[in-house]
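This report refers to the structure that appears directly beneath it.
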Amino acid sequence: MSSHLTDRVIAFVDTPDVRLFVAADPDRILSQEEPAAALLARHAAVLPFESPVEFRYLYETQYRHGSNVLVVLTEGDISRVPADVLSRARVVRIELSTFFPHLATEVLRQVPYAILARLYDAQDLQTADLTVRETARIVAEKGYDISAASVSSEETLYATLLRLHLHEQPLPECVADYVVGIWRQDARYAGIPLERLIRNRRAFLDYLQQHWNAWASAQLGGQLSVSTVSDASLAAAYRRPSATNATPIVPWASLSVRTVIDDYFDMSLLEPVHAVSRDGIPAWARCGIMVDEGEYVSRRIDKLTAMLDDPRQSWDVAAWGAVVRDLGLLLARYYAMQSATSTMASDVVKLLGSIDEHFDTWLRTNYDASLSLAYVPRPSSVHQISPYLAAARQGRIALIVMDGMNWWQWSILARGLGEHGLHVDDLASVLACIPTITSISRSAIFAGRLPRSFFHLGSTPDETSLWQSFWTGNGLAPEQALLHVVGPTSSLDQSLERALLSSVRVFGAVVPQVDELVHGEGLTPRMLAAAIRKWVADGDLANYLGALLDAGYDIYLTADHGNTAALGIGPCATGILAESNGRRARIFESEVVRDDFVQARSQFTQAWESASLPEGVHAALCRGNRAFAPQNQAVNCHGGISLLEVMVPFARIAKER
């Protein structure tokens, strides 16, 4: 169900008998997920105006003679839209000041859409314009339920922080300024690193994890099966709590804190402590004490199953991002177990099938619309990563693409990087381009555009040219944007040498090691998990990333697509096998030939069409966990639309604070 704000926004482009709109949208409101979904529900298409040539091609071939409503989306300057289109269209202007006439727009532009919707419903009969600080206070109180001036104890302070960081989006900068300013005035909070804990979710979670480990160790008398307490002063503070203690501690047992903390473990934001037993642990804290790895995996399976079965659950990119993150953590632990019961193995297979069935249904209806969502505050698709970096860039930036890495493999990698003193910040999930093959999805990362603008059947995109073209279009000289694909004749050390050239401001790299392991002959998922753990433990990747950080790079890491385990359906000679390892996709120039191919193999294959692909490119994808490989042969591959192939991580890497 749409919010009242979305209903009012959509009313601008929902006029009977008008089929073509040109929307000046400087605040990118229509590119937010909820308004975009509302347009889709009304069978309206959104066409962002980016390149005049690409716009003309898409408009003439896909939209001009269609019967559905079309909204041509600009960021404010409609003069670039062709005159013949403008003459046929109704021009509308959609901006935040229309819906919030008395609030400071510079504050609202930093606020996530879901919070804007809450603010819209909570607007008072305001008649005077508010300052930036006054607007920040309104946003904190009405949007985030943070009444900063009412926080009067450490219990309410930590409870407020816990509620805030349950959600991924950080407080907008000016709202955080306001909250920090109020709380700093209270001397009781002098020992708490407020600035860091309010502004940075990752820092808050790390802080919380350290304090939980120390508290649990104190409760269990140090009887942990795995030692996780590294700060001796923190451990001592929990063993002998005192009002005069210089080290602040989290009041875990207070009602306002303990009623929230189970959500953090349920959402895998905190890791439970490994212990010999739970003896002496109160019932509310048992969610954070683990005595059996199998128990943890079973609980995660139950949680995801319940989420899929819940008819009240609404699905969007963010919701599927949460599912794939949980699934990645679950599978990383499952494949780390020495053995699993047949019941658990069956439950994992059943869960994967259920997830992919739900995801397939959602993807077919929502994929194209999701590709045109705003890339600020974070991208939704891999083709938006480069535009996001261009908008965020302040100094040197490095983008590391882990070739073919899925979410459970990333979970292993991220944990291993943490053991080498690196932290993962701003974690998100983004959609790969479909079919999930290198020449389409990886090239889209470096092009900063959808494959319809660069992909041609029978040829391989020149990724270096795509990367340099994107960055020269964003103000850099060609020699300032460098791309290096680590391969059989190069190494991470050689890649680093190129990155350290003084002329380079933006560096892209493809690291193939995970992909090479994934496609290794005869590796089961458990063997593959062990191989990835060993590779990251060896430290080559951590040393490479650390050296880039030392050279002044802001580092972002992603994957071009994921992978999945599949079974062969037998040889299929028709169509172009997309790639040697992309065994779940075949591409056809003729739609008729593709449809005949799918009809003859309807039990195992399905057609895939998307406006993201150029004309004359038609894909056939394998259903379920099947692949274009010898009959019943087990293969690790990609190309299809399972969740583990389509949704990939996007993260920022930093050194341990």
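The values are calculated or read from the model by the stated rules, or taken from the named source; none is laboratory data. Just so we're clear, the structure is a prediction, and the values are computed from it rather than from any experiment. Note that we place each Cβ from the backbone using ideal geometry, even for glycine, and neighbour counts take in every protein chain shown. Just so you know, the surface numbers come from the protein's heavy atoms only, side chains and all, with ligands and any DNA or RNA stripped out. Shrake-Rupley method; radii C 1.70, N 1.55, O 1.52, S 1.80 Å.
When the helices of the chain are scored as -39500 (n - 2.57) per DSSP H run of n ≥ 4 and the total is divided over every residue, the value at 222 nm lands at -12500 deg cm²/dmol. Treating r as the C-beta distance of residue 152 and residue 361 and R0 as 41 Å, the FRET efficiency rounds to 0.25.
Note on residue 596 and residue 109: with the Förster distance fixed at 41 Å, the Cβ-Cβ geometry gives a FRET efficiency of about 0.20.
Which order do 622, 174 take by accessible area at a 1.4 Å probe, largest first? List each step's numbers first, then the result.
Numbers: 622 0, 174 25 Å².
Descending accessible area places them as 174, 622.
Placing unit charges on the Cβ atoms of the charged side chains and taking the dipole of the chain about its Cα centre, the candidate lying farthest along the positive direction among 371, 235, 522 is 235.
Accessible area ranking (1.4 Å probe, heavy atoms, ligands and nucleic acids excluded), largest first, for 484, 456: 456, 484.
Give me the percent of DSSP beta bridges within the chain that run antiparallel, rounded to the nearest 5. Looking only at bridges with both residues in the chain, the antiparallel portion is about 45 percent. How much of the accessible area of the stretch 1-95, in percent, comes from carbon and sulfur atoms when a 1.4 Å probe is used? Percent of accessible area from carbon and sulfur atoms in the stretch 1-95: 52. Note on residue 11 and residue 68: with the Förster distance fixed at 22 Å, the Cβ-Cβ geometry gives a FRET efficiency of about 0.75.
Full extension of the chain between residue 133 and residue 306 gives 58.1 nm of extra length, using 0.36 nm per residue less the Cα-Cα distance. Take every pair of alpha-carbon atoms less than 8 Å apart whose residues are at least six positions apart; their mean separation over the length of the chain yields a relative contact order of 12 percent. Ordering 653, 385, 477 by the projection of their Cα atoms onto the charge dipole of the chain, which places +1 on the Cβ of Lys and Arg and -1 on the Cβ of Asp and Glu, puts 653 at the extreme positive end.
Distance between the C-alpha centres of the stretch 376-392 and the stretch 323-339: 28 Å, rounded to the whole angstrom. Ordered from highest to lowest accessible area with the whole protein assembly present and a 1.4 Å probe, 121, 515 read as 121, 515. Surface calculation, 1.4 Å probe, protein heavy atoms: residue 60 sits at approximately 70 Å² accessible. Taking 0.36 nm per residue of sequence separation and removing the Cα-Cα distance, the residue 253/residue 524 pair yields an extension gain of 93.2 nm. Put a dot 7 Å past the Cα of residue 500, heading toward its Cβ, do the same for residue 537, and the two dots end up 2.9 nm apart. Protein heavy-atom accessible surface, 1.4 Å probe, per residue over the stretch 93-146: 51 Å². Considering only 65, 337, 499, the residue lying farthest towards the positive end of the dipole of the chain is 337, judged by Cα position with unit charges set on Cβ. For a straight C-alpha distance cut-off of 20 angstrom, the lysines reachable from residue 303 (same-chain residues fewer than eight places away being disregarded) are 350.
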